[in-house]
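For reference, the structure is listed below as C-alpha cells.
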Amino acid sequence: MRIGTSLLLQNQNCVQSYGWELLRPLGDADTAVSALSEYACDDISFIRIARGDDCLAEFTKDLDVIRQLKCSTPVAFGGGLRSITHLDLLRGLPIERLVFSSAFITKDVQLLKHAQENFGRQSIQCLLPVSAQADEFEVFCCNKNRYIKLINLDFDFISEFANEIILYDTRHDGCASGFDARILNAVPISPNRLVLTGGIGKAEVKWAKKLRAAGVLIDNKTLHQESSIAGYRYAARM
Amino acid sequence: MYLDIADLGFGNLSSIQHWVSLANIKTRLVDCPTKLSSSTLLLPGVGSAGSYLSRLRELKFDDAVREHVDKGGRLIGICLGFQAMAKFTEEDSGQVGLSLIDADVIKMTEVFSNNQWHAFSFDKRVLQVNGYPCDYKRSKKRKLSGRVFFNHEYGVINHDKEAATVPINNALSRYSGLIVKNNILGMQFHPEKSQQTGAELIRMIL
C-alpha cells in the first residue's frame, strides 16, 4: 500500500485545508517537495483548488510551478483538468498521473478518452470529494460548485476510465484522524483500486492496509513540524 | 558525452532528463530520427500502447531504433518504451511491437494494476555477462538494493532464455521488471521516479 501525501495548490503556492474551508499556507512547491523527498514519500498529489470560476490563465500559471520541479518521487496532478487544451499543456511535464474529478461526475467521455489515449489508463485517477450527511453521502462537483448525491454517480463509467479512485472525506479534511469508513461501503469499487484521504491517521493507515487499499494520502500537514510521514510508514508496517 | 531521448510527444520527458543528469550525463530530446547521433538511445513511455506505437511509426522512429540497435548502439526502454520493444501487446485491441526482444505484453491477471513500490536488487554483472556495454563508468558500485516504482496494467512476458530477466516480485514473477539482452536494457518500473534507487541505478547502467 502506498503512503503518499497531498499538496493543494492555490495561486502558485501550497496550502493546507481544514474542513474543506480554511486554508493554511505551506510555502512554495519546491520547498514542499524537497521536504517530502527527504521523507521518501511514496507519491505526491498536487491538487489545484479549482471551482466553477477557474480559468485557463490560472491553470497555466500553476503549471509553471510544476514545470520547474526536480522531483524523483511520482507526482499526480489535478484540479481544473476540464478540456483537451488543459491536457495538451501537460505534455513533457514531470507528472506521472492525472487526477480528474468533475470530468467523472459529469461523464466527459471525450476528455477522458483523450487522456486514456495520450497518458494511458494507468495514469488516470478519479477524485471524489465525499461528505457524509446522516445516512447518505454527497460528492462535491467542483466545476458546478455544488454537492450531488453519491448514489447518482455512474460507477461503471468511473471504473471503465479510472485506474484508481481517490475518496476524499471532506468533513475530516485536515484532521489527524477520523476518515469515515462508511464511505467505502457506499462505493462499489474494490479496495485495491481505492486511495483514501481526509482524516488519515495512524489507525486509519493500519486498517487501510488490512483492507488492501491501493494507498492513502496523508493530508498535507506532513510538512508541519508537528507531523511527519515516518510515523505513518511505521504504522503500515505494524 | 550525451544521451538521446526519443521525443514522441508522450511521457514525462523532463523527469527523464533530470534522472539522467544525476549521472552527470547530458541529454538531447530528439523528435526526428535523422537527428539521432548518440551511442545511447532512451525510449521513455507514459501512455497507451496504440497511440505510442502509431506515433513511433508515423515519425519513422521504428526503423531508426532498429538501425541503432543493429549498429551496436545501446537502447534503454522505460515502462511503455520497454513494452514497445516486445513482439506484440494485447493493449488497445492488440498491437505489433518493434520485435527487438522475444517477449509479449499481456494484461496482468493477478492484479488489476501494479501501482506500487517493490523491492529491487540488481547486480551489475548481469549487464556484463549479457553483453551490455557500460561505457561511461559513472559508478564503481556493483550491487544495488532498494525499491522501485511501478505503474502499469500490462506486463511483459519474456520468451528469450538467453536474455537476463529480473521478475517484478514473487507474486508477479512471470512478468519481467527488467530485461537485458546484448545492447538492449528494458525496465518496466520508472527509475526516474524511484528516488535514491533510481539515482544509483542510472550511474550503474551508463
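Assorted remarks:
- Criterion violated by B:PRO133 - all others in (1) within 23 Å of B:GLY50 (Cβ to Cβ); (2) more than 14 Å from every other protein chain (Cβ to nearest Cβ) satisfied: (1)
- Filtering region A:32-67 to residues that are surrounded by 15 or more Cβ atoms within 10 Å (Cβ to Cβ) and of a type in the set (S, T, N, Q) leaves A:SER37, A:SER45.
Conditions (1) open to solvent by less than 10 Å² (accessible area, probe 1.4 Å); (2) within 26 Å of A:ARG2 (Cα to Cα), marked per residue:
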site: B:SER145; (1), (2): no, yes
site: B:VAL148; (1), (2): yes, yes
site: B:GLY155; (1), (2): yes, yes
site: B:GLU162; (1), (2): no, no
site: B:VAL166; (1), (2): no, yes
site: B:SER173; (1), (2): no, yes
site: B:LEU178; (1), (2): yes, yes
site: B:LEU185; (1), (2): yes, no
site: B:GLY198; (1), (2): yes, yes
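- Extreme residue, most open to solvent (accessible area, probe 1.4 Å), among residues of region A:120-134 that are in a helix (DSSP H, G or I) and under 26 Å from A:ASP219 (Cβ atoms): A:GLN122
- Residues of region B:15-49 classified as within 14 Å of chain A (Cβ to nearest Cβ) and open to solvent by less than 10 Å² (accessible area, probe 1.4 Å), total: 11
- Residue within region B:134-149 that is in contact with an Asp or Glu (Cβ under 9 Å, 6 or more places away or on another chain), assigned to a strand (DSSP E or B), more than 29 Å from A:LEU36 (Cα to Cα) and among the aliphatic types (A, V, I, L, M) present: no
- Which numbered condition A:THR85 misses (of (1) surrounded by fewer than 18 Cβ atoms within 10 Å (Cβ to Cβ); (2) touching a residue at least 60 places away in the same chain (Cβ under 8 Å)): (2)
- Considering residues of region B:92-110 that are open to solvent by less than 20 Å² (accessible area, probe 1.4 Å) and in a loop (DSSP other than H, G, I, E, B) only, the residue nearest to the other protein chains (Cβ to nearest Cβ): B:MET108
- Within region B:111-126, restricting attention to residues that are within 14 Å of another protein chain (Cβ to nearest Cβ) and outside any strand (DSSP E or B), the residue that is surrounded by the most Cβ atoms within 10 Å (Cβ to Cβ) is B:ASN115.
- Among the residues here, A:ARG97 does not qualify as under 23 Å from A:ALA176 (Cα atoms), in contact (Cβ under 8 Å) with a residue 24 or more places away in the chain and basic (Lys, Arg).
- Search result, residues across region B:1-10 that are surrounded by 17 or more Cβ atoms within 10 Å (Cβ to Cβ) and closer than 22 Å to B:ASN183 by Cβ: B:LEU3, B:ASP4, B:ILE5, B:ALA6, B:ASP7, B:LEU8
The values are calculated or read from the model by the stated rules, or taken from the named source; none is laboratory data. What you are looking at is a predicted structure, and each value in this text was computed from that prediction instead of being measured. Neighbour counts are summed over all protein chains in view; Cβ atoms, including those assigned to glycine, are modelled from backbone coordinates with ideal geometry. Just so you know, the surface numbers come from the protein's heavy atoms only, side chains and all, with ligands and any DNA or RNA stripped out. Shrake-Rupley method; radii C 1.70, N 1.55, O 1.52, S 1.80 Å.
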